[in-house]
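Notes follow the structure.
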Amino acid sequence: MRRLVLASAFVATAALALLGCQQSKGPAAVDAARLTAADSDPGNWMSQGRTYSEQRFSPLDKINTGNAGNLGLAWSYELATNRGVETTPIVVDGVMYVTSSWSLVYALNAKTGQPLWKYDPQVPRETGFKACCDVVNRGVAVWKGRVYVATLDGRLVALDARTGQPVWSVVTVDQSKPYTITMAPRIIRGKVMVGNSGSEYGVRGYMSAYDTDSGKLIWRFYTVPGDPSKGFENKAMEMAAKTWTGDWWKYGGGGSPWDPVSYDPESNLLYFGTGNGLPWDQKTRSPGGGDNLFLSSIIAVDADTGAYKWHYQTTPGESWDFDSTQTLTLADLTIDGQPRKVIMQANKNGYLYVIDRLTGKLISARNFVPVTWAKGVDPATGRPIEIGDPRYTKAPATIFPSSFGAHNWQPMAFSPKTGFVYVPAQEIPGAYGTDDKFAFDPGQWNTAVDTKLNSLPPDPKARAAMKNSMRGELIAWDPVAGKEVWRAENKGPWNGGVLTTAGGLVFQGTADGHLNAYDAANGKRVWSSETYTATLAGPMTYTVDGEQYVAVGAGFGSVFYLVAGFAAPKQGNPDNGRILVYKLGGAAHLPPPNLTKIEMPQPPPATASPKLVATGHQAYNHYCLVCHGYNAISGGVIPDLRYSPLIGNQEAFDSVVLGGARKDQGMVSFARVLKAEDTQAIRAYIISEANGAYAEEHAPAAKGLGK
């Protein structure tokens, strides 16, 4: 055994030594000068968006519209988990750093895929209960020989880039509260920037900066005001408090900055977006109305001190889960004959904003998908012009877009060659109405919105029509003219992030298991490869020894498949995620996927009264829906309860739901909030749904969803 250990250590050391010969500065040798000059080093991808501007544009052109058809798989690496994959690989001097769900970090040889090391932060699996949108992680940051990862349970960890061993670790949140982190940290001038998630559960959002050497907190900017009786941290919070009413701080307020960060070295401004309010329904959160700053806003602060500089609120008085946490892209454009330094965002609310990044003043805002809650954005005030009763004050309202957004976390890209923004867009309707029975429950899903409104109708044809009403597309948008240039239709919504290159290409993965390349000028598809699983992460490109590669993370998961599992086919078990890397002439092959259809077992008879089933539906939607999906239909990542043998026995069901028998798999005990009569009702509802699905599946000429 000792000889085996020594031999393994020798192999790992030799691999690192070989890479060391290629990189005189050692692994992850990245500093401010190198990041600022990233365009002069296009063979590396040293930060999430490649540059501080988060354009996700690569100057590499060896793979181009003329030869993209010759792309093939160079290598793939199987990750250790089968949950969602949202990582963008970082590549520095021949080493690739990626993450998977549960915040695992991997270092790989970027040329061959050979593993160099793996770090598991041992996130307690019960933390998954706090994660609204799967237990994902979007990647790492690298700096001066270290790799930085933010973990789902709220830690920030610095790793030695050569060995993967922790150098320091700090807790960035109150772990007794329902905070999580899924974002990739960013590093600016020796400071690690990291936000958090949890706006649906009962938290107050903030962005923090930590010292890269020691992990010491340098500054913190809260995104919503706290209890006024305790004073305010700064003038910005005092200003924001004037836009709230009621006792919002008792809920937490929300506003978590859970993903995008970009930076302008010239102005030293750091930009980040904030999330939705808590609860979503403003009538509950802030009864007297108001803008509720800084919810659903783009915020600029001094990168050194965190001092407030400006904000632009995309959705004042947010009531629909319209976060402003989509890609924040910096560019220099010529608008009306004048050079403008801009920041751009294709927002969840359906509008693409072009904003002066030095002042925060609106330049333009146009809808890039159908929008029914507003008829436009007032160019003078920068505020949306709402129409009808979209805030569901008088009655429930169905609007476009839904809480899934016209554009969600999947990164967009901008090409300085074409001048176009490339947006992974989607069209999904959403129904909103106030939950009259809402009572704030810390740590639970607190929206104050009646989620039954989005449940599937019982009729199979109506269900199919609901599914077919959802669309996904890749849109090329001219931000100067404020109009669409071309669009490529996808088979459904919730498709992948985008990469664009000097080779005239746009790459995007799809939910139906492909990686596609398009001509950036006209949208013609020039190449496609099967990935056999949902491919949602942002692609990237790099070179090793002069050869260009394109890499993407692939793996079934993410919030859409948790909540809207009815939109996904029920086939096989989710395989572990993968990193897929392509090159010209690549000849590797993926293993065949498991596409065996899972047959639904005959469920227990549905003998409960309609009243008990309705009670169970209400409780299910409050406590179970966010992980197990509308109508108890899981997308295949988390167990589909309709198929579960547990529903056949109340005692077995309660051993999990109340007893926590599967807490190590993320299913915590709900005994704090549920009683035996509640679980009986929930089980009755699941049995009712299972019987309906079973009857549909076995009906003659069945045409149900998932066939």
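Taken over region 512-524, residues that are over 18 Å from residue 421 (Cβ atoms) and assigned to a loop (DSSP other than H, G, I, E, B) amount to 3.
Cβ-Cβ distances below 6 Å connect the following pairs, each with a first residue in region 175-202 that is in contact (Cβ under 8 Å) with a residue 40 or more places away in the chain, a second residue that is part of a loop (DSSP other than H, G, I, E, B) and basic (Lys, Arg), and a separation of six or more residues or different chains: 183/138; 184/138.
Taken together, the residues in region 220-235 that are exposed (fewer than 13 other Cβ atoms within 10 Å of the Cβ) and in a loop (DSSP other than H, G, I, E, B) amount to 1. Considering (1) assigned to a loop (DSSP other than H, G, I, E, B); (2) buried (at least 21 other Cβ atoms within 10 Å of the Cβ), the lone condition that residue 210 does not fulfil carries the number (1).
For region 457-492, filtered to residues that are part of a loop (DSSP other than H, G, I, E, B) and modelled with pLDDT of 95 or more, the residue that is surrounded by the most Cβ atoms within 10 Å (Cβ to Cβ) is 479. Counted as qualifying within region 67-125 are the strands (runs of 3 or more DSSP E) with 2 or more residues that are under 11 Å from residue 138 (Cα atoms), namely 95-99.
Number of residues in region 255-279 that are assigned to a loop (DSSP other than H, G, I, E, B) and surrounded by fewer than 24 Cβ atoms within 10 Å (Cβ to Cβ) equals 4. Between 120, 93, the distinction of being surrounded by fewer than 21 Cβ atoms within 10 Å (Cβ to Cβ), out of contact with any Lys or Arg (no Cβ under 6 Å at 6 or more places or on another chain) and among the charged types (D, E, K, R) belongs to 120 only.
Which one of 152, 156 is among the aliphatic types (A, V, I, L, M) and not in a loop (DSSP other than H, G, I, E, B)? Walk me through how you get there before you give the answer.
On the way: 152 fails: not in a loop (DSSP other than H, G, I, E, B).
Being among the aliphatic types (A, V, I, L, M) and not in a loop (DSSP other than H, G, I, E, B) holds for just one of 152, 156, which is 156.
The residues of region 179-203 that are in a strand (DSSP E or B) and under 13 Å from the mean Cα position of the chain (by Cα), listed by number, are 180, 197. For region 531-547, a tally of residues being at pLDDT 95 or above and either in contact with a helix residue (DSSP H, G or I) (Cβ under 8 Å, 6 or more places away or on another chain) or among the acidic types (Asp, Glu) (or both) returns 2. Checking each residue in region 644-703 for being of a type in the set (Val, Ile, Thr) and free of Cβ contacts under 8 Å to residues at least 24 places away in the same chain picks out only 656. Tell me yes or no: at least one residue of region 291-305 is buried (at least 24 other Cβ atoms within 10 Å of the Cβ) and of a type in the set (Ser, Thr, Tyr). Yes: region 291-305 contains one or more residues that are buried (at least 24 other Cβ atoms within 10 Å of the Cβ) and of a type in the set (Ser, Thr, Tyr).
Restricting attention to region 23-57, the residues being out of contact with any Ser or Thr (no Cβ under 8 Å at 6 or more places or on another chain) and assigned to a helix (DSSP H, G or I) number 5. Please determine whether any residue of region 409-417 is aliphatic (A, V, I, L, M), touching a strand residue (DSSP E or B) at 6+ places or on another chain (Cβ under 9 Å), closer than 22 Å to residue 483 by Cα and in a strand (DSSP E or B). Among the residues of region 409-417, at least one is aliphatic (A, V, I, L, M), touching a strand residue (DSSP E or B) at 6+ places or on another chain (Cβ under 9 Å), closer than 22 Å to residue 483 by Cα and in a strand (DSSP E or B), which makes the answer yes.
Here's a check for you: in region 294-306, which residue that is over 20 Å from the mean Cα position of the chain (by Cα) and not in a loop (DSSP other than H, G, I, E, B) is nearest to residue 356 (Cα to Cα)? Walk me through how you get there before you give the answer.
At the first step, the residues of region 294-306 found to be over 20 Å from the mean Cα position of the chain (by Cα) are 294, 300-306.
Add one more test, that the residue is not in a loop (DSSP other than H, G, I, E, B), and what stays is 300-302.
Values: 300: 11, 301: 14, 302: 16 Å.
Applying the filter and picking the extreme gives 300.
Among 269, 333, which is aliphatic (A, V, I, L, M) and in contact with a Pro (Cβ under 9 Å, 6 or more places away or on another chain)? Matching residue, one of 269, 333: 333. Just one of the listed residues (149, 135, 167) is surrounded by 23 or more Cβ atoms within 10 Å (Cβ to Cβ), under 24 Å from residue 32 (Cβ atoms) and modelled with pLDDT of 95 or more, namely 149.
Does at least one position in region 56-72 carry a residue that is more than 23 Å from residue 525 (Cβ to Cβ), among the polar types (S, T, N, Q) and surrounded by fewer than 24 Cβ atoms within 10 Å (Cβ to Cβ)? Looking for residues that are more than 23 Å from residue 525 (Cβ to Cβ), among the polar types (S, T, N, Q) and surrounded by fewer than 24 Cβ atoms within 10 Å (Cβ to Cβ), one finds none in region 56-72, hence no. Which one of 578, 642 is more than 22 Å from the chain's Cα centre (by Cα) and basic (Lys, Arg)? Residue meeting the stated conditions: 642. Apart from one condition, residue 509 fits all of (1) buried (at least 22 other Cβ atoms within 10 Å of the Cβ); (2) at pLDDT 95 or above; (3) part of a loop (DSSP other than H, G, I, E, B); (4) of a type in the set (Gly, Ala, Ser); the exception is (3).
In the set (1) of a type in the set (A, V, I, L, M, F, W, C); (2) touching a Phe, Trp or Tyr at 6+ places or on another chain (Cβ under 8 Å); (3) under 20 Å from residue 445 (Cα atoms); (4) modelled with pLDDT of 90 or more, the condition left unmet by residue 647 is number (3).
Residues of region 640-671 that are part of a loop (DSSP other than H, G, I, E, B) and either in contact with a helix residue (DSSP H, G or I) (Cβ under 7 Å, 6 or more places away or on another chain) or closer than 22 Å to residue 564 by Cβ (or both): 640, 644, 658, 661, 662, 666, 667, 668, 669, 670.
Applying the criterion of being under 29 Å from the mean Cα position of the chain (by Cα) and surrounded by fewer than 17 Cβ atoms within 10 Å (Cβ to Cβ) to the residues of region 390-400, the residue that is nearest to residue 297 (Cα to Cα) is 398. Take the conditions (1) surrounded by fewer than 24 Cβ atoms within 10 Å (Cβ to Cβ); (2) touching a Lys or Arg at 6+ places or on another chain (Cβ under 8 Å); (3) among the aromatic types (Phe, Trp, Tyr); residue 310 misses just one of them, which is (2). Quick check, is residue 673 under 29 Å from the mean Cα position of the chain (by Cα), on the phi < 0 side of the Ramachandran plot and buried (at least 19 other Cβ atoms within 10 Å of the Cβ)? Against the criterion (under 29 Å from the mean Cα position of the chain (by Cα), on the phi < 0 side of the Ramachandran plot and buried (at least 19 other Cβ atoms within 10 Å of the Cβ)), residue 673 does not qualify.
Consider region 428-456 and keep the residues that are among the acidic types (Asp, Glu) and surrounded by fewer than 19 Cβ atoms within 10 Å (Cβ to Cβ). The one that is nearest to residue 670 (Cα to Cα) is 441. For region 174-203, the tally of residues that are touching a Ser or Thr at 6+ places or on another chain (Cβ under 8 Å) and not acidic (Asp, Glu) stands at 19. Does residue 268 meet the test of being farther than 30 Å from residue 167 by Cα and not aromatic (Phe, Trp, Tyr)? In short, no. Given the criteria buried (at least 21 other Cβ atoms within 10 Å of the Cβ) and over 18 Å from residue 542 (Cα atoms), does residue 125 qualify? No: the conditions fail for residue 125.
The values are calculated or read from the model by the stated rules, or taken from the named source; none is laboratory data. As the structure is a computational prediction, the values presented were derived from the model and not from experiment. All Cβ positions, glycine included, derive from the backbone under ideal geometry; neighbour counts span all protein chains shown.
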